[in-house]
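Below is one structure, written out as structure tokens; comments come after it.
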Amino acid sequence: MTAVRRRFAQESKSVLWREVIDTSKPIKDVATAHGAGSEALRSWLGQYRKAHGDRNGAPLQRS
């Protein structure tokens, strides 16, 4: 049996990464709750952070 690859609209992706950022919930928990893969959500979150920086508009720094 083959797995079906789900596609998420940009609005759906933004709801998920916003939940991770705003609530500080683990990526895995948010992804599982919404039926997404944790690695996909991690990638979307990385793309958002690269494009937008932190909440105040400053680029994010690696620690």
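Read-outs: derived from the displayed coordinates by stated rules, not from any lab. What you see is a predicted model; the values in this text were computed from it and never measured. Counting neighbours? That spans all protein chains shown, and the Cβs are built from the backbone with ideal geometry, glycine included.
Would you mind working out the magnitude of the charge dipole of region 10-52 relative to its Cα centre, with +1 at each Lys and Arg C-beta and -1 at each Asp and Glu C-beta, to the nearest 20 Debye? Display every interim value, and only then the final one.
On the way: 7 positive and 5 negative charges, 33 e Å.
The calculation lands at about 160 debye.
Order of 4-12, 28-36 by packing, highest average Cβ count within 10 Å first? Don't jump to the answer; show the numbers that get you there.
Values: 4-12: 8.8, 28-36: 14.4.
Packing proxy ranking, top to bottom: 28-36, 4-12.
Between H34 and Q10, the FRET efficiency estimated from the beta carbon spacing at R0 = 22 angstrom works out to 0.90. Residue-wise HN-Hα couplings along region 7-14, as the Karplus relation 6.51 cos²θ - 1.76 cosθ + 1.60 with θ = phi - 60° gives them from phi, are 10, 10, 5, 4, 4, 5, 4, 5 Hz; Gly and Pro carry x.
The local environment of H34, defined by Cβ-Cβ distances under 15 Å, has a net charge of +2 under the rule Lys, Arg +1 and Asp, Glu -1.
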